[in-house]
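First the structure, in the form of structure tokens, and then the observations on it.
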């Protein structure tokens, strides 16, 4: 018998789309929850048409961005402009433990699918809303993506070089970890509360706030010390060397962090003690830090001679924290640790064929937490879910599809 | 009001990779005991510090990540303290630890040992690279974690080395994935009566944040690179304005429904040169990706934006339903009317400060079981006597070691 995931038995009617919401429900699905992704050909999840595409051919079932965020889910297509579709989706919600969405406030209300409407038919529902700004307030209707949330939350301002434009993370970072992880944590806590008391509840997340929580030290620097933190490149406030150093090859870098004098001595020994390392300015942490620009230049000239991987391994053996600045090819083709953990999983997708997915970033000693299936095609499971959850037969289901209700 | 996590006991014996994970449990009502070595947990030596005094009670990074916890000092090298820990572990639902793989085992405190007296216990181990494998014993602080997980490569400018992200985001990734996995395992253990050893890798957690870098390589054979300071495609990026910078995503993600709305905005504002944006080529991703498109967009938009403040552009753009936002500084956040409306910042106390101060509050609003900072971060060993008494163990005076928290 196949083991069931730890969240087996929990059903989610999932209206989330694009980044943060889809990633949150993916975490639930990969842990065994039954996630029914509600989508529509009439209003596509924009990740379905976001690159990259299999063979660079655009198509609603060909996006790698979409597929990685929607593993282990089933897709149910419906046209919410049709009253019959709304009735069906309410019946699905009634049979669910969780309803999730990350629309701007007002969208679910207009569809008659807001918390109060769902609660009326399913009193103990756990209803997760993850809009950008939260359900009320002067900016509640403002919209955005991970990159604008990164800007609004301070992350963008704080990352980069002080004398240049802020650089940020180069990604829609808040979508990928801060928002989905906080969302799932809150949702699981609410599930626990329901198990103990029978009470459901509404979880209202403003997608700016989890990221600000992760930037708390910058806020406290201001509210306690009156200092507005600016971006400082790769500098650490007290340690040096702390940065990335060039290695042999094109655009190859090694991150090196030295926090103790013992580690500094170990680094010098690994480099075979070139003459510049004898300078007494490098003997103490405070002096290394005070002279870090010069230190970075000399160290960079030394590391340039090395293969990054070899220098990393030698430094690590000597007790110095060092790591390659890995690109996607390093991570997928060469990193022995990710390979050991089985991080990269190849799943067979109905249209894309065998393609690459991220495994969940944690291993459980006994439960099954893993990718159950590749991303679904748009509407792939509509008939199956109708039959299984709502006892609506395939003939009737096909008729609703043909009439444009379930597309 | 009841708490969502009432009745759960969490032993947080972690450092920077796990303290925020413990906080998430504490702020939703779990009884979280921070188990610290006699010199204090590592985060106590992380900046920033109150008035820059670098002692073990002054770290603001520590103060934030350890709210709603009690502190118990235990020297796990000491047999008596190990017995205390084992006793405590029989009362716990979750242990969060961040020692190098093998450390707990060498102390006789590995999962098998803990499980033998408490079958429902979840042990979450959060480490740089995971419990086993060729890099399991490698060291990594935040920068190395960000590098090995691939996010560092995407940060910075095309003409500079890769540049890190503020705020120890590799640690954050490890904490967040640790929290999700722990919560999944605790929920299951409450139902089945059987716990779990959860193995979380910081590197792997960071890999989750690469957006599409892995899929671009897999599907298109392309390596994504850093593009900071540039437009990602025309209309998407940072632009200067009167009093700072704004972030604009004129084209949105994937579909280009926002491009037309951006055109409407420019037309209404009478932005010189913006009429051309309605030409067909501006609706294709291919053209928006060209240097030509980026240059034209810059030359049209920046002179317009220079007339307005961040706040004005934010309001004007959002009124037209286009994704635009100010590039806020931490000081701007405190003035943000939306965050004020949500009462996001909350009063926090610290025993070294006479007045309370504002800190980020609830990252989520739960209608029935609200988030709550039940107490400020503890002083080192503040709750030793209280916790030992609860265990029915007399608090035994023992020689205190000199505090060594300021070095690591």
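Taken together, the values in this text are just the output of simple stated rules run on the coordinates, not laboratory data. All values reported here derive from a predicted model rather than from experimental measurement. Counting neighbours? That spans all protein chains shown, and the Cβs are built from the backbone with ideal geometry, glycine included.
Where does the Debye-calculated log10 I(q)/I(0) of the stretch B:236-332 sit at q = 0.16, 0.24 Å⁻¹, using only Cα point scatterers of equal weight, no solvent? At q = 0.16, 0.24 Å⁻¹ the computed log10 ratios are -0.62, -1.42.
The overall shape of the stretch A:142-190, judged from the alpha-carbon gyration tensor, is prolate: a/c is not under 1.5, and a/b is greater than b/c.
Distance distribution note for the stretch B:1-110: the fraction of Cα pairs above 22 angstrom is 33%. Inter-chain Cβ neighbour count for A:256-264, averaged per residue, equals 2 (cutoff 10 Å, partner chain atoms only). Our estimate of slack between residue A:43 and residue A:228, defined as 0.36 nm per intervening residue step minus the Cα-Cα distance, is 62.3 nm. From most to least packed by mean Cβ count within 10 Å, the peptides B:54-63, A:20-29 give A:20-29, B:54-63.
As a length-normalised measure over Cα pairs under 8 Å and 6 or more apart, the relative contact order of chain B settles at 20 percent.
In the stretch B:236-332, Cα pairs under 8 Å separated by at least six residues give a relative contact order of 42 percent. As I understand it, the value is the acute angle between the Cα axis of helix B:169-192 and the longest principal axis of the Cα atoms of chain B; what does it come to in degrees, rounded to 10? The helix B:169-192 is inclined about 60 degrees to chain B. Once you divide the Cα radius of gyration of chain A by 2.2 N^0.38 Å, the number left is 1.17.
Among A:194-201, B:240-247, sorting by the average number of other beta carbon atoms lying within 10 angstrom of each residue, highest first, gives B:240-247, A:194-201. Seen against the Cα atoms of chain B and their longest principal axis, helix B:291-305 is set at about 90 degrees.
Protection proxy ranking of B:325-333, A:207-215, A:131-139, by the mean of other Cβ atoms within 10 Å over each peptide's residues and highest first, is A:207-215, B:325-333, A:131-139.
How big is the gap, in Å, between the Cα center of the stretch B:346-378 and the Cα center of the stretch A:148-188? Each part's Cα centre sits 22 Å from the other's. For the pair the stretch A:240-268 / the stretch A:61-85, the C-alpha centres are spaced 46 Å from each other. Which shape class, rounded, prolate or oblate, goes with the stretch A:1-110 when its Cα gyration tensor gives a ≥ b ≥ c as root eigenvalues, a/c under 1.5 marks rounded, and past that a/b bigger than b/c marks prolate? Oblate shape, in that a/c is at least 1.5 and b/c is the bigger or equal ratio. Per residue of A:106-117, other chain Cβ atoms within 10 Å of the residue Cβ number 0 on average.
Across the stretch A:242-334, Cα-Cα distances exceeding 21 Å account for 26% of all pairs.
So what does the Cα-only Debye profile of the stretch A:353-407 read at q = 0.14, 0.16, 0.19, 0.20 Å⁻¹, as log10 I(q)/I(0), no solvent term? Reported log10 I(q)/I(0), two decimals: -0.59, -0.68, -0.77, -0.79.
A crude spin-label estimate for the pair residue B:79 and residue B:275, with each label 7 Å from Cα along the Cβ direction, gives 9.1 nm. Over all distinct Cα-Cα pairs of the stretch A:78-221, the Kirkwood formula returns a hydrodynamic radius of 16.8 Å.
Here the calculated FRET efficiency for residue A:373 and residue B:86, from their Cβ-Cβ distance with R0 = 41 Å, stands at 0.45, rounded to the nearest 0.05. Maximal additional length on extending the residue A:286-residue A:395 stretch stands at 31.6 nm, based on 0.36 nm per residue less the C-alpha distance.
Estimated at 0.36 nm per residue, the fully extended path between residue B:353 and residue B:379 surpasses their Cα-Cα distance by 8.0 nm.
Only Cα pairs under 8 Å and 6+ residues apart enter the sum, and on that basis the relative contact order of chain A stands at 20 percent. Measuring r between the beta carbons of residue A:334 and residue B:192 and using R0 = 41 Å, the FRET efficiency lands at 0.55. Applying D = kT/(6 pi eta Rh) to the protein assembly as shown, where Rh is the Kirkwood radius over alpha-carbon pairs, T corresponds to 4 °C and eta to 1.567 mPa s, the Stokes-Einstein value obtained is 48 µm²/s. The label point for residue B:268 and the one for residue B:394, both projected 7 Å from the Cα toward the Cβ, are 7.7 nm apart.
Considering all different alpha carbon pairs of the stretch A:291-407, the Kirkwood hydrodynamic radius works out to 19.5 Å.
Between residue A:55 and residue B:117, the simple label model (points 7 Å from Cα in the Cβ direction) yields a spacing of 6.2 nm.
For chain B, the Cα-based Rg and Dmax, in that order, read 25.2, 80 Å. Mean partner shielding of peptide B:348-358, defined as the number of other chain Cβ atoms within 10 Å of each residue Cβ, is 2.
The C-alpha atoms of chain B define a longest principal axis, and helix B:257-269 lies at about 60 degrees to it. Between rounded, prolate and oblate, where does the stretch A:34-162 land on the alpha carbon gyration tensor, with a ≥ b ≥ c its root eigenvalues, rounded for a/c under 1.5, else prolate if a/b exceeds b/c? In terms of gyration-tensor shape, oblate. Centre-to-centre separation between the Cα atoms of the stretch B:74-151 and those of the stretch A:368-407: 44 Å.
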